[in-house]
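Shown next, in C-alpha cells, is the structure this report addresses.
All of the numbers you see were taken from the coordinates with simple rules; none came from a lab. The structure displayed is predicted, hence computed values, not measured ones. All Cβ positions, even for glycine, are placed from backbone atoms using ideal geometry, and neighbour counts span all protein chains on display.
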Amino acid sequence: MALMTAYRLVEWGHSPEYVDVEVPKPGPGEVLVKMAAAGICGSDLHLTSAPKGVFPIDPPFTLGHENAGWVADRGLGATRFELGSAVLASSATSCGQCEQCLEGWDNYCWHTVNMSTRMMSMRVRGIGNDGGLAEYVVVPERELVPLGTLAPERAAPLADAGATSYHAVRTILAALRPGSTVAVIGAGGLGSYAIQYLRLLSPAHVIAVDKLPHRLDYARALGAEKTFLSNEQTAADILAAYEGMHAVIDFCGSEETLTLANTIVRPRGHIVVPGITFSTVPFGWGTSAAGCQMNLSLGFTLQDLNEVVRLAREDRIRIDTEAFSFQHIDAAFNALREGRLKGRAVISIS
Ligand SMILES: [Zn+2]
Ligand SMILES: [Zn+2]
C-alpha cells in the first residue's frame, strides 16, 4: 500500500498535523490529481481554531480547498482529461442531475440542502472531506476545470477566492447600468477579486470599505474609485459622497457590515452576502430600502470556475500570491492570521 503525507485536522481545537495516509484510488468517473499547489483561506483559520460543535462535520480530514495539479490517474469511464494535464478542482461536490444542477446552479445542489438548518452541507473537499494539502487528491472529473497553459500555482486561489467573488458579482451584473454604484465591503482575499470583476465586466462605479488602510490602497490599485475606512462614520461618509448604492457586496457579513449595507443601499438595490458568518440583521419595512433584494450568495458554480480560469488565461485579472513550502504550512497560517500577506498564501506541493 502506497503512503503519502497529508496535512490534516485530526481533532477540533488542535493544530493540524502531518500524517501519513494511504494514497487514494479514483473510483468510476473520478480522477487522481497529483497536487501542485493549494491556496490557504480565511475559512481554514476558522476550521483550525474552532471548538467542537461549530461546524456540522467531524475530523479527521485533510485540509486544502483551493486545489490545482495534474491528472495522475483516471477511474473507470473518466476519459475527459489526458494524463498529465493541468487541472483546477472545485471544492464543492454536486450531483449534476438534480433540478438545481441542471439549471446551472450546482452551488445549490439539492443533495447538499438541509431544510431544517437552512444551511447547505459542509462536506466539501478540504472541509469535512479530504482536501488537497497532500500529495494526491481524488476529484470527480466533472468537478475539474482544464487549466491549459495556466500554471497551477497561479490558478489555485481561483478555486475559492476568485470564483466565490465572481459568483457574487454575477448575481448583480444584469442590474448594473452606466452610472450605477457598487460598494465592496471587505477588500481582502475575495473582495479584491470582486473589485476587478466589477471593473472588467460592468460600467459601475466601484467603492471599497475595509478596516485596514493597506487593503484600501490595494483596492484603489485594482480600480476602486473611492475607498472608505470602516468606522462609525462610514455610512454617513458614503451617503454624503453618493446618493446610496445600487448594490453592496458584503464579504465580511458581520452585524456591523450588514447594518452598513442595509443603511447605504438604495431603494430597488441589491445586497449580496457571500461571507458565511451566521451574523444577522433585521430585514424589513422601516429598516431596509423598499424594493431591495438580499442574496445569501453561496460559493460558485462550475461555470463560474471555468469563466474565471478563462479570464486568468487571458491575463485579464491580477492574481497576487505568496508561496510557502509544504513543510511550512504553519508559516502560511501565521502570516494569514497576522494580516501580513501581500496576496493569497499558496502552498507549493511538488
Ligand atoms: Zn475558502
Ligand atoms: Zn445536484
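Remark: relative contact order (the stretch 111-227) = 17 percent; criterion is Cα-Cα distance under 8 angstrom and separation of 6 or more residues.
Note: relative contact order over the stretch 164-295, using C-alpha pairs below 8 Å and six or more positions apart, is 22 percent.
One chain, two ends: Leu239 and Val54. Fully extended at 0.36 nm per residue, the span grows by 62.9 nm beyond their Cα-Cα distance. Per the Debye formula on identical point scatterers at the alpha carbon atoms of the chain, with no solvent, log10 I(q)/I(0) at q = 0.11, 0.12 Å⁻¹ is -0.72, -0.86. Just to verify a number: FRET efficiency for Val23 and Leu83, C-beta to C-beta distance, R0 = 25 Å, to 0.05? Between Val23 and Leu83 the formula returns 0.95. Between Thr5 and Gln97, full extension at 0.36 nm per residue minus the direct alpha carbon distance yields a gain of 29.7 nm. Couplings 3J(HN,Hα) of the stretch 11-21, computed from phi: 8, 4, x, 10, 4, x, 10, 7, 10, 7, 10 Hz, in residue order, whole Hz [Karplus 6.51 cos²θ - 1.76 cosθ + 1.60, θ = phi - 60°; x for Gly and Pro].
Taking max minus min of the alpha-carbon positions on each principal axis, the stretch 164-295 gives extents of 38, 30, 30 Å, largest first. Highest mean packing first, where packing is the average number of other Cβ atoms within 10 Å per residue, the peptides 89-98, 324-333, 164-173, 197-206 line up as 164-173, 89-98, 197-206, 324-333.
Taking amide H as placed 1.01 Å from N in the peptide plane, the amide H of Ala345 sits under 5 Å from that of Ile40, Glu322, each at least 5 places away or on another chain.
With Cα atoms defining each centre, the stretch 328-350 and the stretch 153-221 are spaced 22 Å apart in the structure.
Any idea how many Lys pairs in the chain come in under 26 angstrom at the alpha carbon, given 8 or more places apart or on separate chains? Lysine pairs, 8 or more places apart or on different chains, close enough: 4. Each of Arg142, Arg340, Arg123 was scored by other Cβ atoms within 10 Å of its Cβ. Listed from fewest to most, they are Arg340, Arg123, Arg142.
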